[in-house]
Each structure stands twice: as C-alpha cells, then as structure tokens.
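Derivation of every value follows stated rules applied to the coordinates shown; laboratory data play no part. Computed from a prediction, not measured in an experiment: that's the story for all the values here. Virtual Cβ from ideal backbone geometry, glycine too; neighbours counted across all protein chains shown.
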Amino acid sequence: MPSDDLILSFDTSAAHCAAALLWRGVIIASKSNEMHKGQAEALGPLVTELLSSVDKYIEDVTRIGVGIGPGNFTGIRISVSFARGLGLALGCPAIGISSFEASYFGQTAPATVLIPATRDQFYLKSFPDQSAPRLGTLADAEALNAPLLWRTEAKQLAENMARLAALRSIEENRPPAPLYIKAADAAPSREKAPLILG
C-alpha cells in the first residue's frame, strides 16, 4: 500500500530546473523549465508553485529527493544545498538520487546510461552492474555492447527521482552529496588582485 508521505524532488544538474511531487504513489504535480543559468533563483519559486497547484504546503513534505548529478558543477551544488537546508528545516530526510539511477528507473535489461559532459564526452554508467561511473566517448559507450539510454528529459527525471526517493531506506540514508566524476572546469581568475591599502 502506498505511503502517505508527500515526496518533493528536484533537479538542476543540467540546463533546467525541474521538480515533482509524489503522494500515495502517484505523481500529483511536476514541471520543468529550460534554463542555462538562474536555477538558484528559480528553484524555490518552482517548488512553491508546485505545492500551491495541489493545495499542499511546504510543511506537508515528509521526504525530499534531490538530483546529485553528474552534470553542471554549480547546478548540482544548488540543488544539493537547497535539499539539505530544507530537510533540516522540515526535519525530514533528503535523499540523493543520481541522474544515472533516474534515467534507468523502470528498466531491467542491461543498458548503459549516457549523460552529456563537455568536449564531446559523456558520463557513462552500466546497469544493472555495480561498476563505478566514468567519463568516456560515444565510442567507449558503444564498445560496452549494451543498449544505450540517454539521460531522461528533465520533467521525467524529477518524477523518477521522487519515485526512487520513496523506495529508499531512511535508516541507511546519508545526507546528499554531489556526484562529481571529474574535477570542476574552473580556473583562478587571470585578473590582477586589487591592491589592499593598510
């Protein structure tokens, strides 16, 4: 029998801001907005909009599912920090779900999930085996001799994250943390530091 938990999930790991609500085993609201920046400002209002659309309040949320990547370095941090803070404020668990898991959800046959990275590369994860995800090319993925699954579109990604969060054991849950497969593409500023007058 489905739980009475109201599960909120959201993801900002790529060029989108997506969220979903799961209640009694059914997705009761979901939405995604395509955006290349501004997710930090858009996520809170999107969550409020979803809750309002089904006459629910943030205090009704009993479990949070959050996308932990891989993907955009800053986008992942936005969702994870929002989920951790919200979980603490509400006193409910926040559960990290990878885009690999959410894209493979509902499948049973062997497959390789591909998530676009930079420089014509992809993050690759084979299912159902427990091997670690890695960075590779499309040729690397094809060499694994398994059907290829591309990252699910954003709205479905958030919905699947809610479904997966509902299935997770709270006792074994740790606070969500970003899933980084490679280091951030960040470099120190080339501008000369300002002179500090004492």
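What are the chymotrypsin sites (Phe, Trp or Tyr not before Pro) within the range 16-94 that DSSP puts in a loop, where the Cβ has at most 11 other Cβ atoms within 10 Å?
In loop regions of the range 16-94 (DSSP not H, G, I, E or B), the sparsely surrounded chymotrypsin sites (Phe, Trp or Tyr not before Pro) are Tyr57.
Quote to one decimal, in nm, the extra length available between Lys182 and Leu167 on full extension: 0.36 nm per residue of separation minus the C-alpha distance between them.
That works out to 2.5 nm of additional length.
Between Ala14, Ala146, Ala83, where does the largest GNM mean-square fluctuation fall for the chain, given springs only between Cα atoms within less than 10 Å?
Of the options given, Ala146 has the highest mean-square fluctuation.
Hey, what did the chain get for relative contact order, percent, Cα under 8 Å, at least 6 apart?
Relative contact order for the chain comes out at 24 percent.
Indicate the gyration tensor shape class of the range 89-133 (rounded, prolate or oblate), computed on the Cα atoms with a ≥ b ≥ c the square roots of the eigenvalues: a/c under 1.5 is rounded; otherwise a/b larger than b/c is prolate and the rest oblate.
It is oblate, given that a/c is not under 1.5 and a/b is not larger than b/c.
For the range 27-161, go through all pairs of different Cα atoms, get the mean of 1/r, take its inverse, and jot down that Kirkwood value in Å.
One over the average 1/r among Cα pairs gives 16.2 Å for the range 27-161.
Please report the antiparallel percentage of DSSP beta bridges with both residues in the range 1-152, rounded to the nearest 5.
Bridges in the range 1-152 are about 70 percent antiparallel.
Estimate the FRET efficiency between Val26 and Ser81 by the formula 1/(1 + (r/R0)^6), using the beta-carbon distance for r and 22 Å for R0, to the nearest 0.05.
Plugging the Cβ-Cβ distance into 1/(1 + (r/R0)^6) gives 0.15.
For the range 148-158, what does the Karplus curve 6.51 cos²θ - 1.76 cosθ + 1.60, with θ = phi - 60°, yield as ³J(HN,Hα) per residue in whole Hz, taken in order and with x for Gly and Pro?
Computed from phi, the couplings for the range 148-158 are 9, 10, 7, 3, 4, 4, 4, 4, 5, 4, 5 Hz.
Where does the chain land at 222 nm, in deg cm²/dmol rounded to the nearest 500, when only DSSP H runs of n ≥ 4 count, each adding -39500 (n - 2.57), divided by all residues?
Here the helix-only value at 222 nm equals -9000 deg cm²/dmol.
Gaussian network model of the chain, Cα springs within a sub-10 Å range: biggest mean-square fluctuation belongs to which of Thr152, Thr137, Thr12?
Looking only at Thr152, Thr137, Thr12, the biggest GNM fluctuation is shown by Thr137.
By per-residue mean of other Cβ atoms within 10 Å, what is the highest-first order of 153-159, 39-45?
Per-residue mean Cβ counts within 10 Å order the peptides as 153-159, 39-45.
Report the one residue of Leu164, Ser98, Ala143 whose Cα lies farthest in the direction of the positive end of the charge dipole of the chain (charges on C-beta: Lys and Arg +1, Asp and Glu -1; origin at the Cα centre).
Going by the Cα projections, it comes out as Ala143.
Suppose R0 equals 22 Å. What FRET efficiency, 1/(1 + (r/R0)^6) with r the Cβ-Cβ distance, do Glu34 and Asp60 give to the nearest 0.05?
Plugging the Cβ-Cβ distance into 1/(1 + (r/R0)^6) gives 0.20.
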